[in-house]
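Right, one structure below, let's go through it.
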Amino acid sequence: MFVFDKINGKKVLKSTMLYGVEHFFTTRELPLFEADIKELKEECEKNREEVKNFLCAAELIKPVQTHTANIEIAHSGGFYNETDALVVEDKNIAIYLNFADCVPVILWDEKLNKGAIAHAGWRGTEKRIAPGTVKFMEKTFGTKPENVIAAIGPAISINHFEVDEQVFLRLKNSTNKDGFWKKSAALKKFQVDLKLLNKIQLEETGVNRIDLCGYCTYDFNDIFYSYRKEGGKTARHSAVLKLKEQ
């Protein structure tokens with residue numbers, strides 16, 4: 001279940017399933033990345049410092065996201081170009097990735113206390129970046145999928161995410177299951193539920209505890225940023241993660 005909370009009076013969204021880690025999805029009240037809205041640059045700088053202090057983190061690290069399936073481990077002072085999933089094992093740093101309709105996925109191995117955030121737009125979803133991150137953690141740390149808890153955050157819903165046949169077939173081929181799409185009224189167009197598709201992919205990988213957020217960024221554009229609703233000129237909300245001492 002997802003619930004709203006506040007950081008210094010500013011609204012954030014949390015998953016009750018991720019009980020053992022500091023995490024949240026920011027809203028328009030707490031932007032961390034201005035993207036196309038340059039007048040928010042100073043506010044975002046202040047917000048990043050505020051979040052870093054709130055989390056008692058030495059650093060707040062983000063990658064340069066380019067819709068890849070590249071996964072890296074976050075380290076102090078690191079720079080991550082063309083990276084769309086960050087894994088964290090250092091309890092002194094916090095990580096964040098930025099979104100405006102794409103699917104944010106926070107992953108936490110409750111046994112080993114390792115975590116990750118994946119950025120799954122349609123390209124990342126086609127490349128199975130969320131389950132790929134679980135497999136990366138399995139290979140790197142020995143993570144078992146059954147020990148992973150996933151929170152799939154606010155993203156565009158099936159009612160507002162329409163794609164052409166070529167994109168649809170690429171997404172359809174990313175899983176052996178169905179039920180995440182419907183035919184659009186428009187000729188040779190399809191509507192796809194990216195959040196549900198990421199959930200299906202994670203389940204296929206063996207992750208069975210998944211919190212699926214019901215908020216659509218397009219419908220709730222007063223709370224979250226939406227690339228499609230705002231015509232491609234918008235800032236970003238973020239998924240933030242910091243491990244706790246156990």
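About the Cα centre of the chain, what is the dipole size in debye to 20, counting +1 per Lys and Arg Cβ and -1 per Asp and Glu Cβ, all else neutral? Don't skip to the end; give the middle numbers.
Details: 36 positive and 35 negative charges, 98 e Å.
Magnitude of the dipole: close to 480 debye.
Shown here: the range 44-149, whose C-alpha atoms stretch 35, 30, 21 Å along the first, second and third principal axes, sorted largest to smallest. Note that the chain, at 10 °C in a medium of 1.306 mPa s, gets a Stokes-Einstein diffusion coefficient of 89 µm²/s from its Kirkwood radius over C-alpha pairs.
For L40, L187, what's the fewest-to-most ordering of other Cβ within 10 Å of each Cβ?
Numbers: L40 18, L187 6.
So the residues, fewest neighbours to most, are L187, L40.
Using a 10 Å cut-off around each Cβ, can you sort D211, D84 from fewest to most neighbouring Cβ atoms?
Numbers: D211 18, D84 28.
Ranking D211, D84 by Cβ neighbours within 10 Å, fewest first, gives D211, D84.
The modelled label-to-label distance between E146 and H160, using points 7 Å beyond Cα along the C-beta direction, is 3.9 nm. Residues of the range 48-62 with an amide N closer than 18 Å to a point placed 7 Å from the Cα of N92 along the Cα-to-Cβ direction: 52-62.
Compared with the alpha-carbon gap, the fully stretched path from K139 to K177 is longer by 11.2 nm at 0.36 nm per residue. With neighbours defined as other Cβ atoms within 10 Å of a residue's Cβ, the residues R236, R209 order from fewest to most as R209, R236. Packing, as the average of other Cβ atoms within 10 Å across residues, places the peptides 132-140, 172-180 in the order 132-140, 172-180, highest first. Spin-label model, N113 to E59: label points 7 Å out along the Cα-to-beta-carbon direction sit 2.1 nm apart. Checking the Cα-Cα distances for K135/K172; K62/K177; K114/K144; K114/K177; K111/K177; K91/K139 against a 23 Å cut-off, the pairs over it are K62/K177; K114/K177; K111/K177. Within the range 47-93, list the GluC sites (Glu not before Pro) lying in a DSSP loop whose Cβ has at most 12 other Cβ atoms in a 10 Å radius. Qualifying residues, ordered by number: E82.
None of the figures in this text is laboratory data; all of them are computed from the coordinates on show. Just so it is clear, the structure is predicted and the values come from calculations on it, not from any experiment. Glycine also receives a Cβ, built like all others from the backbone with ideal geometry; neighbour counts cover every protein chain displayed.
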